[in-house]
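Below you'll find the structure, written out as structure tokens, and then a few comments.
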Amino acid sequence: MKADMILYNGKIHTGNKEQPEVTAVAIKEGKFIKTGDDAAMMQLAGPDTALVDLHKKRAVPGLNDSHTHLIRGGLNYNLELRWDGVPSLADAMRMLKQQVQRTPPPQWVRVVGGWTEFQFAERRMPTLAEINTIAPDTPVFILHLYDRALLNRAALKAVGYTKDTPAPPGSIIERDAHGEPTGLLIASPNALILYATLAKGPVLTYEQQLNSSRHFMRELNRFGITSVIDAGGGFQNYPNDYKVIEELKAKEQLTVRIAYNLFTQHPKQELEDFGHWTKNIPLHQGDDMYRHNGAGEMLVFSAADFEDFLQPRPDLPENMEAELDRVVRLLVSNKWPFRLHATYNESITRFLNVFEKVNRDIPFDGLHWIIDHAETIDEHNIERVKKLGGGIAIQSRMAYQGEYFTDRYGAAKAAMTPPVKRMLEMDVPVGTGSDATRVSSYNPWMTIYWLTAGKSVGGMQLYDERNKLNRETALALHTQGSAWFSTEQDKKGRIKTGMLADIVVLDADYFSIADEAIKAIEAELTILGGKIVYAKGDFSSMAPPPLPVSPDWSPVSQYGGYYSAAKNKRSGAASQQAFAGADAAVTSQVHCCSGSCTVHGHDHDRARLNPVPVNNFNAFWGALGCSCFAF
């Protein structure tokens, strides 16, 4: 038997305890057929075998996000200006200004999640005045986590919000002295007003949604993601909003494996939703590329404990248990796996009371079920999850909201939020993910950095050795750990004979680089089922054909997705030449912006790397950097 493809001369971390490190792998018909040294693999080479020299680079199993929102994200990706990873507010506002100029009416410019004020050198969010100055006529909608949205005056006009517009329960429309909306919408703590307002914006055409979804998957491939579990989501309706991804599947254009959960869509009619689906959708229908995965993350609307750490913990209504009981009984009776959004330990206690009651009447009997998020779960409830055979899917929400959590609950509480290390010690299945795109970024290396360095995106030290993970464990949770949550732990997540041939070659050695460098890791080569779906650098000649962006004014055509230093014309080499020692490091942290200033005519990146006036943090630039982006 000859291989279809052989990767050799690499440093391949397999995730397989029996053979943890190899230099070469052989692939045939989408699966690994052998792993080992170069000589052994070359025996499987034939005249038609593709031979790929890895140039001693680090390779790992394809990454798997166990809780994200790819389907919804793909429908909107080409509409969104991403601030994920942008190092300064000056850069973010420059990007916003340029996109406003490129966006035709009646389209909006929207920034939807994936960022936090703490990532910016200025350590603040934009003001409404700054946004209105940049965009007097084009609607702008900026979503920050699940806590607030900023709308300029043009966006308020587009959505029709006036002094007579009531705020939904649990929400605030900030008003000025005359009662007129200012443009600030606040989840208090219900985020419905944020979702509902965003949903009023223009949408892409069906053909553009096909293109957008392909670009979003390609963006995930850029970071080595080969699998996800889609957790449904608000304003994501089945089956209508799944038609795009299903057409891409039919055309063999998926570049990420997707297991999808179904999210209830009608408050007070959740039992009817799941009753219809359990009768008409066979469990796990589909294949290794696209398959059904059960119910959730919303099972009943009364069980939604919103994760806005700027607000006090919400108390769930008294009728929650009765509503949840009915739905869980239906799901367990039909052997449907389920997952449930659960941020707070107080909520989890009540959910587990329901699950244990149902289990006494209808045994779960090995059914895979999931608690999602579990930031403040305690040891007693971890034990209860284990006893019922459940797993816990954690996401990097604390990386983006850790400062807010610490302000409200204290550093000692934050240090064990979530208690991931204790979960592993208690032998509970754990998978990692992002909850992208409206809260955290989809970049898996930010999640892995958060788990291993124990820091937030803004640099706050959240965890010490009691809750930090070593790098091998963190990677395992983002590969084989996440596979448990789609009942595919025997198919993927490791580089092992017989498993799906999903493998990623990285542009840096994850196991030897400094902690801070983890945040910058990208894939140089991403292979899904033995097929190359992404390539750059030494492997750029193997890259799939370029995919034009539609519409052509899309932010993706200008900026891509996650912030790219290269795309934004930053020069790491210049930084190294300009300074040496501690002064350079300090300057880089304070003035980490790029791009040109249209008022003063200086280039931000060149200015901050110049050895003279920029070094005086009390002079023109100041400690917060240049603010001339707003004009």
Failed condition for F118, given (1) assigned to a helix (DSSP H, G or I); (2) more than 22 Å from F306 (Cβ to Cβ); (3) open to solvent by less than 40 Å² (accessible area, probe 1.4 Å), with all others met?
(2)
Exactly one of (1) at pLDDT 95 or above; (2) farther than 23 Å from D502 by Cβ is unmet by I229. Its number?
(2)
Could you look through segment 331-354, keep only residues that are part of a loop (DSSP other than H, G, I, E, B) and without any contact (Cβ under 8 Å) to a residue 40 or more places away in the chain, and pick out the one that is surrounded by the most Cβ atoms within 10 Å (Cβ to Cβ)?
T343
Given (1) open to solvent by less than 10 Å² (accessible area, probe 1.4 Å); (2) out of contact with any Leu (no Cβ under 6 Å at 6 or more places or on another chain), index of the condition S302 fails:
(1)
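Matching residues to (1) surrounded by fewer than 22 Cβ atoms within 10 Å (Cβ to Cβ); (2) in contact (Cβ under 8 Å) with a residue 60 or more places away in the chain:
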{"site": "G232", "(1), (2)": "no, yes"}
{"site": "E247", "(1), (2)": "yes, no"}
{"site": "A250", "(1), (2)": "yes, no"}
{"site": "F263", "(1), (2)": "no, no"}
Scanning segment 198-230 residue by residue, those buried (at least 19 other Cβ atoms within 10 Å of the Cβ) and aliphatic (A, V, I, L, M) turn out to be L198, L204, L210, M217, L220, I225, V228, I229
Checking the structure you have, find out if any residue of segment 458-466 is more than 30 Å from R123 (Cβ to Cβ), open to solvent by 60 Å² or more (accessible area, probe 1.4 Å) and either in the same structural domain as G366 (by the TED database) or assigned to a helix (DSSP H, G or I) (or both).
no
Any idea how many residues of segment 210-253 are closer than 28 Å to D372 by Cα, in contact with a helix residue (DSSP H, G or I) (Cβ under 7 Å, 6 or more places away or on another chain) and among the polar types (S, T, N, Q)?
3
Here's a check for you: in segment 555-573, which residue that is out of contact with any strand residue (DSSP E or B) (no Cβ under 9 Å at 6 or more places or on another chain) and at pLDDT 95 or above is most open to solvent (accessible area, probe 1.4 Å)?
Q558
Provide a single number: the residues in segment 31-51 that are free of Cβ contacts under 8 Å to residues at least 24 places away in the same chain and in contact with a Ser or Thr (Cβ under 6 Å, 6 or more places away or on another chain).
1
When the residues of segment 30-48 are narrowed to those that are charged (D, E, K, R) and within 20 Å of V504 (Cβ to Cβ), which ends up farthest from the chain's Cα centre (by Cα)?
D38
Criterion: in contact with a Leu (Cβ under 9 Å, 6 or more places away or on another chain), in contact (Cβ under 8 Å) with a residue 24 or more places away in the chain, under 30 Å from E246 (Cα atoms) and open to solvent by 10 Å² or more (accessible area, probe 1.4 Å) - qualifying residue of K28, K11:
K28
Members of segment 380-401 found to be touching a residue at least 24 places away in the same chain (Cβ under 8 Å), closer than 19 Å to R313 by Cβ and not hydrophobic (A, V, I, L, M, F, W, C), listed by number:
N381, Q395, R397, Y400, Q401
Restricting attention to segment 478-517, which residues are part of a helix (DSSP H, G or I) and more than 21 Å from F32 (Cα to Cα)?
F485, D515, E516, A517
Tally of residues being under 23 Å from D538 (Cα atoms) and open to solvent by 20 Å² or more (accessible area, probe 1.4 Å) across segment 36-46
5
When W369 is evaluated against the numbered criteria (1) crowded, with 23+ Cβ neighbours inside 10 Å; (2) over 25 Å from H69 (Cβ atoms), which criterion, by number, is the only one it fails?
(2)
From the list R291, R384, pick out the single residue that is in contact with a helix residue (DSSP H, G or I) (Cβ under 6 Å, 6 or more places away or on another chain) and not in a loop (DSSP other than H, G, I, E, B).
R384
Note down all Cβ pairs under 6 Å where the first residue falls in segment 296-316 and is under 23 Å from N261 (Cα atoms), the second is of a type in the set (D, E), and they're at least six residues apart or on different chains.
E297/D372; V300/E270; V300/E323; S302/E323
In this structure, is T255 part of a loop (DSSP other than H, G, I, E, B), touching a strand residue (DSSP E or B) at 6+ places or on another chain (Cβ under 7 Å) and at pLDDT 95 or above?
yes
Checking the condition surrounded by 24 or more Cβ atoms within 10 Å (Cβ to Cβ) and either outside the structural domain of G114 (by the TED database) or free of Cβ contacts under 8 Å to residues at least 12 places away in the same chain (or both), which residue from A453, A414 passes?
A414
Working only within segment 14-25, note down all residues that are of a type in the set (V, I, T) and touching a residue at least 40 places away in the same chain (Cβ under 8 Å).
T14, V22, V25
From M426, M446, which residue is out of contact with any Leu (no Cβ under 9 Å at 6 or more places or on another chain), under 21 Å from G561 (Cα atoms) and at pLDDT 95 or above?
M446
All but one of (1) out of contact with any Lys or Arg (no Cβ under 9 Å at 6 or more places or on another chain); (2) touching a residue at least 60 places away in the same chain (Cβ under 8 Å); (3) open to solvent by less than 20 Å² (accessible area, probe 1.4 Å); (4) not basic (K, R) hold for V112; state the number of the condition that does not hold.
(1)
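The values are calculated or read from the model by the stated rules, or taken from the named source; none is laboratory data. Values in this document were obtained by computation on a predicted structure and should not be read as measured data. Reconstructed Cβ throughout: ideal geometry from the backbone, glycine too, with neighbour counts over all protein chains shown. All accessible areas refer to the heavy atoms of the entire protein, side chains included, with ligands and DNA or RNA removed. Shrake-Rupley method; radii C 1.70, N 1.55, O 1.52, S 1.80 Å.
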